[in-house]
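Visitor: Right, I'll just put the structure down here and ask away after.
The values are calculated or read from the model by the stated rules, or taken from the named source; none is laboratory data. Only a predicted model underlies this, so the values are computations on that prediction, with no experimental measurement involved. For neighbour counting, all protein chains shown are included, and Cβ atoms are generated from backbone atoms with ideal geometry for every residue, glycine included.
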Amino acid sequence: MNESIVQTDNLYFSFKAGQPILNGINMQVPKGSIYGFLGPNGAGKTTTLRLLLGLLSNHKGGIKIFGHHLAHHRIDILKRLGSLVEQPSLYLHLTGYENLEIYRLVYGCKKQRINEVLEIVGLTTALNKKTKQYSLGMKQRLAIAIALLPQPEFLILDEPTNGLDPNGIIETRELIKRLNKEFGTTVLVSSHILAEVEKMATHVGIIHKGNMLFQGTLKELQLMQSSKSALEIETNDNNRAAALLNDVAELSQTDTTIIIPYKSKSQSAAINRRLVEGGLEVYALHPQHNDLEQLFMDITSNN
C-alpha cells in the first residue's frame, strides 16, 4: 500500500488578516486505506478537506490527488472522487429515489446506478419515502449514496457520524468498511472521536491547531499506546518484592502497589514466577493500558 491517493506538501492556509488555520500539513493517504483524520473541533480538519476538493483557494503548498496536481487537473480529479462535507444537501420534499435521480443527471450516470447505490447503503426499501421522513442515519446514508453515484475511487467524508444515534453510527461505520473491503474504495474520514475511528481505520492522522502531530498506521498508534502501559503488582510484602525486581526494570511504588513499565504477557509471567520463587504471595498483577482515547488527549493537550 505504498501508492498515495492524497499527498500534500507543506500545506498552509489562513483567512484574510487572520491566524493561520493550517501550518505546513504533510498528509499522505495510502491507496486502499481507510484514513482517519482526527482532531478536536476547530483543529483544521474541514479546512483541509475543503482544500482537497478545491473549495478554498489562496493556500500555500502543494496538493496532489491520484498523483496529479489539483491546481492543474481539478476537473479530472473530481470526476474520480466523491465527497460529503458537513451537512448533506438533500431535497426534503422529494423521495430518496428522486434525490438520486437529480444527482444522476448531473453526474451523467446510467439509471441502473440508482438501484445499485441504494442497495449498497441499505435504502432499497425506503426509495419511495419522502426524505423529510428519513432518520438522521438514513439521510446520512442517502448523502453517501449520492457521493457514490459516479463510482468514485476515493471518498471524502467529513464527520459522517456527527449527531447520529448509536444505531446510525454503527450503520455508517459498517458502510464505510464495506465500501473499502468490497469495492476497494479509499476513504478519508474526519472525526473528533478517536474511539469511533479506531473501529474502522487502517491509518490515522492527528491534527491540532493546524499542525499534524501524528501520521501513520493504526498499529503504530497502538504501539505508542502500549509503550505507555504499566504493570501494577500487589504482594504481601511490596518492599521485598521491589528488592527482588530492582534489576528487571525501573519501578516505582505507591502505598499498596509496585508499578513497572508493561511490555508483554511473558514479562508478567516471568515477574510472577520470580516473586513466587522468592517466597512472596502475589495478590494481583494488573496490566494498566492507556486507551487510545487517552493517548489522543495526551498528544493534543501537550501541543
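Visitor: I need the full set of residues from segment 167-186 which are among the charged types (D, E, K, R) and in contact (Cβ under 8 Å) with a residue 40 or more places away in the chain, in order please.
Guide: If the condition is that a residue be among the charged types (D, E, K, R) and in contact (Cβ under 8 Å) with a residue 40 or more places away in the chain, then E171, K177, R178 are the ones that fit.
Visitor: Looking at (1) within 11 Å of the chain's Cα centre (by Cα); (2) more than 24 Å from E119 (Cα to Cα), which is the only condition L221 fails?
Guide: (1)
Visitor: Same structure again: Any idea which of A243, A284 is surrounded by 11 or more Cβ atoms within 10 Å (Cβ to Cβ), hydrophobic (A, V, I, L, M, F, W, C) and not in a loop (DSSP other than H, G, I, E, B)?
Guide: Being surrounded by 11 or more Cβ atoms within 10 Å (Cβ to Cβ), hydrophobic (A, V, I, L, M, F, W, C) and not in a loop (DSSP other than H, G, I, E, B) holds for just one of A243, A284, which is A243.
Visitor: Turning to a different aspect of this structure: Quick check on my filter: what residues within segment 181-203 are among the acidic types (D, E) and surrounded by fewer than 16 Cβ atoms within 10 Å (Cβ to Cβ)? Quick ask: steps written out before the conclusion?
Guide: Filtering segment 181-203 for residues among the acidic types (D, E) gives 182, 196, 198.
Result: E182, single match.
Visitor: Applying the selection to segment 84-106, what residues are closer than 19 Å to L52 by Cβ and either of a type in the set (F, W, Y) or touching an Asp or Glu at 6+ places or on another chain (Cβ under 8 Å) (or both)? Spell out the reasoning first.
Guide: Narrowing segment 84-106 to residues closer than 19 Å to L52 by Cβ: 84-89.
Hits for segment 84-106 are L84, V85, E86.
Visitor: Let me ask something else. How many residues are touching a helix residue (DSSP H, G or I) at 6+ places or on another chain (Cβ under 7 Å) and either on the phi > 0 side of the Ramachandran plot or surrounded by fewer than 15 Cβ atoms within 10 Å (Cβ to Cβ) (or both) if we restrict to segment 49-66?
Guide: Going through segment 49-66 one residue at a time, the tally reaches 2.
Okay, residues lined up against (1) assigned by TED's automatic domain parsing to the domain that holds M212; (2) within 25 Å of P152 (Cα to Cα); (3) of a type in the set (K, R); (4) modelled with pLDDT of 95 or more:
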{"position": "P20", "(1), (2), (3), (4)": "yes, no, no, no"}
{"position": "Y35", "(1), (2), (3), (4)": "yes, yes, no, yes"}
{"position": "P40", "(1), (2), (3), (4)": "yes, no, no, no"}
{"position": "H59", "(1), (2), (3), (4)": "yes, no, no, no"}
{"position": "I75", "(1), (2), (3), (4)": "yes, yes, no, no"}
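Visitor: Now a separate question. Return the total of residues in segment 51-90 being in contact with a strand residue (DSSP E or B) (Cβ under 9 Å, 6 or more places away or on another chain) and within 22 Å of N23 (Cα to Cα).
Guide: 17
Yes/no per residue for (1) farther than 21 Å from T185 by Cα; (2) among the aromatic types (F, W, Y); (3) at pLDDT below 90:
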| residue | (1), (2), (3) |
| --- | --- |
| Q133 | yes, no, no |
| R141 | no, no, no |
| I144 | no, no, no |
| L148 | no, no, no |
| P152 | no, no, no |
| I156 | no, no, no |
| L164 | yes, no, yes |
| N167 | yes, no, yes |
| E171 | no, no, yes |
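Visitor: Here is a follow-up. I'd like the residue in segment 1-39 that is of a type in the set (G, A, S) and outside any strand (DSSP E or B) and, out of all such residues, is surrounded by the most Cβ atoms within 10 Å (Cβ to Cβ).
Guide: Filtering segment 1-39 for residues that are of a type in the set (G, A, S) and outside any strand (DSSP E or B), the one surrounded by the most Cβ atoms within 10 Å (Cβ to Cβ) comes out as G39.
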